1. Per residue, what accessible area does the chain have, given a 1.4 Å probe and all protein chains present, in Å²?
2. Using the alpha-carbon atoms, what tilt in degrees (0 to 90, nearest 10) does helix 132-143 show relative to the longest principal axis of the chain?
3. Using only the alpha carbons, work out the radius of gyration and Dmax of the chain in angstrom.
4. P(r) for segment 111-263: what percent of alpha-carbon pairs falls in each 10 Å bin, starting at zero?
5. With only alpha-carbon atoms counted, please give the Rg and Dmax of segment 7-183, in Å.
6. How do Ser289, Ser352, Ser317 stack up against each other in accessible area, from largest to smallest, with a 1.4 angstrom probe?
7. When the label point is put 7 Å from the Cα of Thr299 along its Cα-to-beta-carbon vector, which residues of segment 272-292 have a backbone N closer than 19 Å?
8. State, to one decimal in nm, how far the label point of Asn188 lies from the label point of Ser158, with both points 7 Å from Cα in the Cβ direction.
Amino acid sequence: MRLLGKHIVLGVTGSIAAYKAAYLLRGLVKEGAEVQVVMTPAAKEFITPVTMSALSGKPVASEFFSANDGTWHSHVDMGQWADLMLIAPATAATLGKMARGICDNLLITTYLSSKSAVMIAPAMDLDMFRHPANLANLAILRSYGNLIIEPGEGALASGLHGKGRMEEPENIIEEVIKFFGQKKKLLNKHFLVTAGPTYEKIDPVRFIGNYSSGKMGYAIADQLAESGAKVTLVSGPVNIKAGRSEITVIPVESANEMYEQCLRVFPETDGAVMCAAVADFTPEDYSGSKIKRGEDDLTIHLKPTSDIAGTLGQVKSEKQLLVGFALETNDELVNAYSKLKRKGLDFIVLNSMNDSGAGFGVDTNKITMIDKDNNQSVFELKSKTEVAADIVARIISEIEHKSGS
Ligand code: CTP
């Protein structure tokens, strides 16, 4: 059961090879995957939805609406549910629509809504396959990050011989297993992640806080867990939840509580990602009763908090990785690099307040990663989930480097 618990959307299109999708489906289910089949209208001419729903144990999705009861089939829900979308067989027409975003059926809308990786197994006649239009579409799909399972050479349904035949189901299943295996590069690793704001209490009803939503830190914790790591997430007060069993959340409120928890957990980890927006100052005195309005100005004395990342930078071993964040408003690159040096970080992720779509509250981020040698990698504006995937990909390569593999 090498695919236990995996959610796969299997898209089937109108090709003679559609009958092989039944074998493919059976193999995926046998490996423990939960599969939701989506068929194009043409696919149903080649294989019946009854076969596919019997093999998957779920109704096949095909139309936007169910004519009987008016139920709306949400392509967005399917796209979010999937850990992988696999389109097999994929006809030339479907490849063209996917490349250009022509959403005239449920399969293409699901593809466009999908947050997961997408694997495509083309199936068509050899002349269609090698036509420049089809090759251009495949190049576009590759550039979107889709994984293409190259068709094999052999006898084609047309009677011709050549490249275009859908890869055999058992080989596609091996590709799927390999795909999920590759994602587990942090198996047996343990990471500490900090996220969210801190609240520094002034009196029982007031605090000093900041606008951090915690989304970036939670997305990183998710991606680390997705790659097989165990994660301890020390989180300030946020309105989001960590969904995965590999993530243990330690809720804290103040910078000092976060400091204590991080120092306790860090020695047993392989590294830490410091994503929290920690208060730099905290009230010197806490008033046990609510501060009353008066005629005079109110002065609250603040004292500096401990630098958590900086402290971990001093105690970290050679094998441990320390990643920090910098949110800057001016002289971004210079400030971020000096922060990396000051805190003993392995690399720092810079987001500039000057980039629209980056920073607090929003769902997107635009980052630059800077390493100890001041090498800078600039990334496009992306969703926080995609940014987290980029950061975790870098963490994986740094960890592999540290362990000499
Ligand atoms: N950080 C931390 N503990 C603190 C302050 C910051 O661990 N008390 C971490 C943040 O989580 C982040 C990095 O240090 O990974 C940089 O945070 P930032 O607020 O930009 O740095 P400061 O050291 O506070 O510098 P300044 O606010 O003066 O720019």
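The values are calculated or read from the model by the stated rules, or taken from the named source; none is laboratory data. Fair warning: this is a prediction, and the values are worked out from it, not measured in the lab. With ideal geometry, Cβ positions are generated from the backbone for all residues, glycine too; neighbour counts draw on all protein chains shown. The area values use the complete protein model at the heavy-atom level, side chains included, leaving out ligands, DNA and RNA. Shrake-Rupley method; radii C 1.70, N 1.55, O 1.52, S 1.80 Å.
1. On the way: 19830 Å² over 405 residues.
Value for the chain: 49 Å² per residue.
2. Roughly 30 degrees between the two axes.
3. Both quantities, over Cα of the chain: 25.6, 94 Å.
4. Using 10 Å bins, I get a P(r) of 10, 25, 22, 16, 14, 9, 4, 1, 0 for segment 111-263.
5. 15.1, 46
6. Numbers: Ser289 75, Ser352 10, Ser317 50 Å².
From most exposed to least exposed: Ser289, Ser317, Ser352.
7. 281-287, 291-292
8. 5.1
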